[in-house]
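Taking it in order: structure first as structure tokens, then the write-up.
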Amino acid sequence: MRSYLIILIMLVLASSCKKEYSAPVPDFNNWPEFNSGSPLHFSASQYRTMEGVYDITAGNTIFGETVAVKWSYVNTGTDTTFHFSIFCGKNIAYFICEGKKSNGDLLLNGYWRKMDGVETGIARLTIKAAQGAGFISSGQSNPTAKAITITGVFGTGQALPTSSFSCTYNRPLFQKTPFLILANRGGGRNSDLLPVSENSVAMLRKTAEMGGQGVEIDIRYTKDGVPVLYHDATINLRETQKSGLLGPVENYTYAQLSAFVRLIHGEKIPTVKEALDAVLYQTDLSFVWLDNKVTDAPQVSLRALQKEYLAKAAAAGRHLEIVLGIPVEPAKQQFLALPDHADAPSICEISVDEAAGINAANWAPRFTLGIVNDDVAKAHNEGIRAFVWTIDVPELVQQYLKEGHFDSILSDYPSIVAYYYYVQQ
Amino acid sequence: MFSNKKIAILFCLIVLAAPGRVHAQDAKDTINDNVKVKGNYFVVLYAGGGLFSYLASVGPSGNATGIDITRLHPTGTFRLMWHPDHRLRLGIESGFQELYAYRLKDPADKGKVLLSAIPLMVDWSMAVTKRINVFAGIGAYLLTTRLDYNGKVYSNYLSLGFSAAVNYVQPITRRTGIGVEIKWADATQTRDFGVSGEILWVWKMLKW
């Protein structure tokens, strides 16, 4: 009898002890009306007309009372894809959709995701001709009565969406100039079950969809000195697929990593050059924080890439800042060893005084230091901007935005920073 | 597909549900004769060798030409157990396991990878019958990558790991025996487990 009881208990444990989490993006390409629609071909001002703070009238139990609506784009060679994002104040939720026109309506097809869990589903939204699509399509950039209503349905997982969603335009997005929403690890972390890998080129392309205006990327060096995007000190299963290659990144050459190692969603480990190329030519991101994880490594190669891509950005007429991260004293010494360090844009984490001492235009305090407005004021007096990192708790994001005087917040959840920033009045 | 944890629990299940008697007083039983004899303490060495197979898929995705995987590899176990005068025993285990190897299929882009491990385990063991013993180990695996592609790389990584084994030992003298063992081994940084079959030599090194 005792043996059977043990067997029963162990079977219960065996069937309950492991749960694997995933949040796969649902396949949302089965909306016939959307598929037969025509591309938007809008001007930038037409896209901007739709942006704003909206009041939710259906779906607020999941997405909150208000949302911020924003468009972004990625440029993939000859094609540019625009994404319609809705940043929600509840459950760190967001929508990401693509747009088309159909019978005078604007159709927005995509998915939604709650970042504080794994819930996701298909979203099919519409701006009807009489509810804003008419004047948006006609190109009225500043209509006197901007009465836009977005209606539609959302579902759970791969199921056809049936739950109602609607929201109505309330006011423009808040814009304090300058303020930067920075996304950590190229846009987001692997632990948040995003559809692309952290510190990948694919993630850089998604950053703006999720609210980021700039990125922090983590940099390590291969055995042959190639700077690559990789966070941890070792090749491991948190960041890469099972390849048999383990141990320190610097044990392997770039050719070896490129041939054998893939990030968890199958991407190659990108070089910093590939990442900067993607940022410059494929996104509208305006800030790149090169966070050097090997703090005692010479920064000559990073500085060369920084100069190269700042020059390319200037030639392309793009506003793009690329800054060398200086987290600790050894990194500062390596920075000062650069022959042209006085001209190298940088972001110093050590202190305001240290930032001023090395002519850094940016100071980056850790959020656990608190809302250090006195230090922020001191930095501003020196002409130094203050970037606080890394805030992921929605209430803290709200508090730091409301009470702090920072110039930027770095977060793993740029959508929640975007929401709290844009809905300010 | 069973997860590693499920397999570990099912293994424990078999152990716990096994017959509760051990025939300890058999004079020919060289390994388990301490049980139920007060004051008998042994140190027993288990040394074994055999084949290990890593059952799960291997290699990165996105490789256009694919890979050739070798799944059967040599393995060896060295285990030192303290057998007190009760059923639960304690000891340490090490050895060597080649986990898996693969090579790129592309003839123009030759390269191969071999992943091996040295287990560093604390083992618990119990005699479930006169000849059959079960083992459970927890500790670490010192994983070593041997990469041969545009140069050779030897790279180490310390991973948390587990093992579980069941063996049958037949005494051949009062102090030695031979046996067979099936072992399940899981280094967390290899994500999936492997199993091995080994021939054992058992030696009661010390008695007091």
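Just for region A:363-393: of the residues that are in contact (Cβ under 8 Å) with a residue 40 or more places away in the chain and within 24 Å of A:Arg205 (Cα to Cα), which one is surrounded by the most Cβ atoms within 10 Å (Cβ to Cβ)? Among them, the one singled out is A:Phe387. For A:Glu349, the conditions (1) among the charged types (D, E, K, R); (2) surrounded by fewer than 17 Cβ atoms within 10 Å (Cβ to Cβ); (3) under 28 Å from A:Glu308 (Cα atoms) are fulfilled apart from (2).
Looking at region B:136-150, is at least one residue at the interface with chain A (Cβ under 10 Å from one of its Cβ atoms), out of contact with any strand residue (DSSP E or B) (no Cβ under 6 Å at 6 or more places or on another chain) and under 30 Å from A:Asp224 (Cα atoms)? Yes, region B:136-150 contains a residue that is at the interface with chain A (Cβ under 10 Å from one of its Cβ atoms), out of contact with any strand residue (DSSP E or B) (no Cβ under 6 Å at 6 or more places or on another chain) and under 30 Å from A:Asp224 (Cα atoms). Across region B:152-200, the number of residues qualifying as loosely packed, with under 15 Cβ neighbours inside 10 Å, touching a Ser or Thr at 6+ places or on another chain (Cβ under 6 Å) and more than 14 Å from chain A (Cβ to nearest Cβ) comes to 1. Listed here are the strands (runs of 3 or more DSSP E) enclosed by region B:62-109 that have at least 2 residues being not β-branched (Val, Ile, Thr): B:72-83, B:88-104. Residue check: A:Gly77 meets all listed conditions (1) of a type outside the set (Lys, Arg); (2) out of contact with any Asp or Glu (no Cβ under 8 Å at 6 or more places or on another chain); (3) at pLDDT 95 or above but one, namely (3). The set of residues in region B:114-133 being within 13 Å of chain A (Cβ to nearest Cβ) and closer than 19 Å to B:Ala185 by Cβ consists of B:Leu114, B:Leu115, B:Ser116, B:Ala117. Does at least one position in region A:409-423 carry a residue that is more than 21 Å from A:Arg185 (Cα to Cα), buried (at least 21 other Cβ atoms within 10 Å of the Cβ) and in contact with a Ser or Thr (Cβ under 8 Å, 6 or more places away or on another chain)? Looking for residues that are more than 21 Å from A:Arg185 (Cα to Cα), buried (at least 21 other Cβ atoms within 10 Å of the Cβ) and in contact with a Ser or Thr (Cβ under 8 Å, 6 or more places away or on another chain), one finds at least one in region A:409-423, hence yes.
Test A:Ser200 against the criterion of being surrounded by fewer than 24 Cβ atoms within 10 Å (Cβ to Cβ), of a type in the set (Ser, Thr, Tyr) and modelled with pLDDT of 95 or more, and give yes or no.
On the way: surrounded by fewer than 24 Cβ atoms within 10 Å (Cβ to Cβ): no; of a type in the set (Ser, Thr, Tyr): yes; modelled with pLDDT of 95 or more: yes.
It is false that A:Ser200 is surrounded by fewer than 24 Cβ atoms within 10 Å (Cβ to Cβ), of a type in the set (Ser, Thr, Tyr) and modelled with pLDDT of 95 or more.
Helices (runs of 4 or more DSSP H) fully within region A:211-324 that include at least 2 residues being free of Cβ contacts under 8 Å to residues at least 24 places away in the same chain and within 11 Å of chain B (Cβ to nearest Cβ): A:254-260. Residues that are surrounded by 18 or more Cβ atoms within 10 Å (Cβ to Cβ), under 21 Å from A:Gln131 (Cβ atoms) and among the polar types (S, T, N, Q) within region A:29-88 comprise A:Gln46, A:Thr49, A:Asn60, A:Thr66, A:Ser85, listed in sequence order.
The values are calculated or read from the model by the stated rules, or taken from the named source; none is laboratory data. The structure displayed is predicted, hence computed values, not measured ones. Cβ: placed from backbone, ideal geometry, glycine included. Neighbour counts: every protein chain shown.
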